[in-house]
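Trainee: For reference, the structure I am asking about is given below.
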Amino acid sequence: MNLKIEYYPKLSDKFLLNYLSIIKSNKKNWGDPFFIDTKSYLDFDLIDEKLSLFDLDQIKNVIVIGTGGSIQTLLALSHLSHKQIYPITSSRSSELNKCLELTNSSDSLVIPISRGGETLDVNSTIGIFVKKGYPFIGLSSKGKMLSILEDMGAPILDVPDIPGRFAASISNVGIVPALISGINVDMFIKGLDQGYSLYMKESINPAIEFAAFLYSLYEKGVNNLFSMPYTKNIEGAIGLFVQEISESTGKNNKGLMGTYQSAPLCQHSVLEFLLGGKSNKVTPILWIIEKVKSDIILDSTINYINGKSAQTIVNYQAAATFQALIEQGLPSAMISLNEDDELNLGYLIAFIQATVYHLCLLLNVNWADNPKVVIGKKICNEALMNQKQFEYLQREREKIARERFTSFY
């Protein structure tokens with residue numbers, strides 16, 4: 001098995017069959033899971049045609065301007081890149097300055113990505129790279145960003161009009177930057193296909209069982225999933241899990257919140273709360289990779305450490321932490337990935353997306369939309385266009401708060 005799941009307390013067959021019945025009943029209420037189609041949204045001939053405009057061998061730096069679903073899948077694969085990937089997720093000056101200091105236009109390629117074309121985090125940063133003469137290939141289909149790219153004369157590949165957090169792994173959004181970065185896309189897609197053939201079956205399978213476990217805890221009032229990724233190479237995928245859990249389930253006054261902190265660091269910052277605090281609203285999820293390509297053998301004067309690999313020591317910590325959580329009676333799960341290569345990452349992303357999809361069916365909410373996200377975007381764009389000062393915005397907030405929280409305390 002490429003992926004193993006251990007969770008406690010275990011669900012009985014009776015409970016699992018009941019949850020499976022709910023999934024099947026609610027499936028008709030929502031759209032079909034387009035994300036299992038790994039072929040229809042990709043035209044590799046057209047991709048090759050657009051990429052032939054660049055000497056990919058000369059490109060050392062891949063600068064990806066995008067946020068949320070537009071970049072999270074690539075981050076899950078970024079440790080497999082043969083080039084340096086610079087994710088620019090906003091106009092934060094620290095990331096921009098670092099990227100501009102370490103790259104130049106002669107050996108870099110900029111890839112802005114946006115489905116709607118109106119994402120401020122993307123549009124606000126394109127110009128700084130244009131001014132410095134960086135080459136571009138855009139991933140866009142409409143909106144302001146498309147107009148900017150067309151005016152520049154940059155080559156463009158389309159972004160399908162499907163939710164980005166589920167779409168990136170099967171469309172240009174994730175696949176084009178991965179190809180440019182030298183990631184083995186064929187093996188990644190193979191992992192997706194093999195994963196979906198298992199995790200999307202309409203019978204009890206690991207993704208449905210894990211979704212049922214999370215839903216059973218949700219019914220008991222648990223609505224925070226705290227992930228603990230025990231290797232850097234899995235953190236991008238956990239970011240995708242956090243986004244999909246939060247954005248897909250969190251609507252109609254329902255849902256679960258995804259959060260995470262790197263492990264074993266979180267053992268020194270959060271574990272005391274999990275083991276001894278009021279943690280009955282939180283489910284810890286530990287994520288480990290059994291074998292990592294970048295592993296090293298440790299030298300130590302401690303005989304039970306000497307000669308073991310670095311990742312082995314980390315995984316022992318994960319196993320011990322998991323046992324400690326179970327001993328304290330805290331429902332928890334540990335998910336183990338065999339290796340951190342493209343095939344296994346395909347399995348992992350298939351598992352994540354299938355789990356979230358089935359969890360949304362159990363909650364009976366639309367897994368594909370995110371209607372509330374635009375609220376803050378509209379406020380921000382209006383404030384910028386009307387040049388509202390921060391003092392004015394604070395007075396607006398104070399007025400709104402007086403009206404909204406009249407009897408809160």
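Trainee: Quick check: residue separation of Asp299 and Asn386 times 0.36 nm, minus the Cα distance between them. What number comes out in nm?
Mentor: Computed gain between Asp299 and Asn386 is 25.2 nm.
Trainee: Here's a follow-up. Just want the answer: with Cβ charges of +1 for Lys and Arg and -1 for Asp and Glu, which residue in Leu16, Ile335, Gly191 is farthest toward the dipole's positive end in the chain?
Mentor: Leu16
Trainee: Extending each Cα 7 Å along its Cβ direction at Tyr409 and Gln323, get the distance between those two points in nm, one decimal.
Mentor: 4.8 nm
Trainee: If you take every DSSP beta bridge whose two residues both sit in the stretch 35-184, what share of them, in percent to the nearest 5, is antiparallel?
Mentor: 0 percent
Trainee: With +1 on each Lys and Arg Cβ and -1 on each Asp and Glu Cβ, how big is the dipole of the stretch 35-184 about its Cα centre, in debye rounded to the nearest 20?
Mentor: The dipole of the stretch 35-184 has a size of about 480 debye.
Trainee: Can you spot the aspartates and glutamates whose alpha carbon is less than 18 Å from Lys142's alpha carbon? Ignore those fewer than 8 places along the same chain.
Mentor: Counting by Cα, and skipping residues close in sequence, Lys142 has these aspartates and glutamates nearby: Glu118, Asp121, Glu150, Asp151, Asp158, Asp161.
Trainee: With labels modelled as points extended 7 Å from the Cα through the Cβ direction, what inter-label distance (nm, one decimal) is found for Ala401 paired with Leu56?
Mentor: About 5.2 nm separates the two model spin labels.
Trainee: Of Ser114, Ala76, Tyr260, which is farthest along the charge dipole of the chain in the positive direction, counting Lys and Arg as +1 and Asp and Glu as -1 at C-beta?
Mentor: Farthest towards the positive end: Tyr260.
Trainee: For the stretch 195-221 and the stretch 97-168, what is the separation of their C-alpha centers, rounded to whole Å?
Mentor: Rounded to whole Å, the Cα centres lie 37 Å apart.
Trainee: To continue, here is another question. Identify all lysines with a Cα-Cα distance to Lys24 below 24 Å; exclude those on the same chain that are fewer than 8 residues away in sequence.
Mentor: Lys10, Lys14, Lys201, Lys220, Lys251, Lys254
Trainee: Now for a separate question. Where both partners of a DSSP beta bridge lie in the chain, what percent of those bridges are antiparallel, to the nearest 5?
Mentor: Taking every DSSP beta bridge within the chain, about 20 percent pair in antiparallel fashion.
Trainee: Next up: Take every Cα-Cα distance within the chain, group them into 10 Å bins from 0 onward, and report for each bin the whole-number percent of pairs it holds.
Mentor: 4, 20, 29, 26, 16, 5, 0
Trainee: A further question follows. Along the charge dipole of the chain, pointing to its positive end and built from +1/-1 on Cβ of Lys, Arg, Asp and Glu, which listed residue (Ala383, Leu214, Pro177) has its Cα farthest out?
Mentor: The listed residue farthest towards the positive side: Ala383.
Trainee: Given the peptides 218-224, 86-92, arrange them by the average over their residues of other C-beta atoms within 10 Å, most packed first.
Mentor: Highest-to-lowest ranking by the protection proxy: 86-92, 218-224.
Trainee: Run the reach check for Lys232 against lysines, Cα to Cα strictly under 27 Å, same-chain hits fewer than 8 apart removed. What comes back?
Mentor: Within the straight-line cut-off, Lys232 pairs with Lys4, Lys60, Lys83, Lys98, Lys190, Lys281, Lys291, Lys293, Lys308.
Trainee: Ok, one more. Using the crude model of +1 on Lys and Arg Cβ and -1 on Asp and Glu Cβ, and no other charge, please compute the dipole size for the chain relative to its Cα centre, in debye to 20.
Mentor: 1460 debye
Trainee: Counting each pair of different Cα atoms once, what's the Kirkwood radius of the stretch 352-409 in Å, rounded to one decimal?
Mentor: Evaluated on the stretch 352-409, it is 14.7 Å.
Trainee: Quick one: dipole size for the stretch 23-107, taken about the Cα centre, charges +1 on Lys/Arg Cβ and -1 on Asp/Glu Cβ, in debye to the nearest 20.
Mentor: Computed about the Cα centre, the dipole is about 620 debye.
Trainee: Taking just the alpha carbons, could you work out the radius of gyration and Dmax for the stretch 35-184, both in angstroms?
Mentor: My reading of the Cα-based Rg and Dmax gives 13.9, 40 Å.
Where a number appears in this text, it was derived from the coordinates with a stated rule and is not lab data. The shown structure was predicted, so the numbers you read here are calculated from the model rather than taken from an experiment. Reconstructed Cβ throughout: ideal geometry from the backbone, glycine too, with neighbour counts over all protein chains shown.
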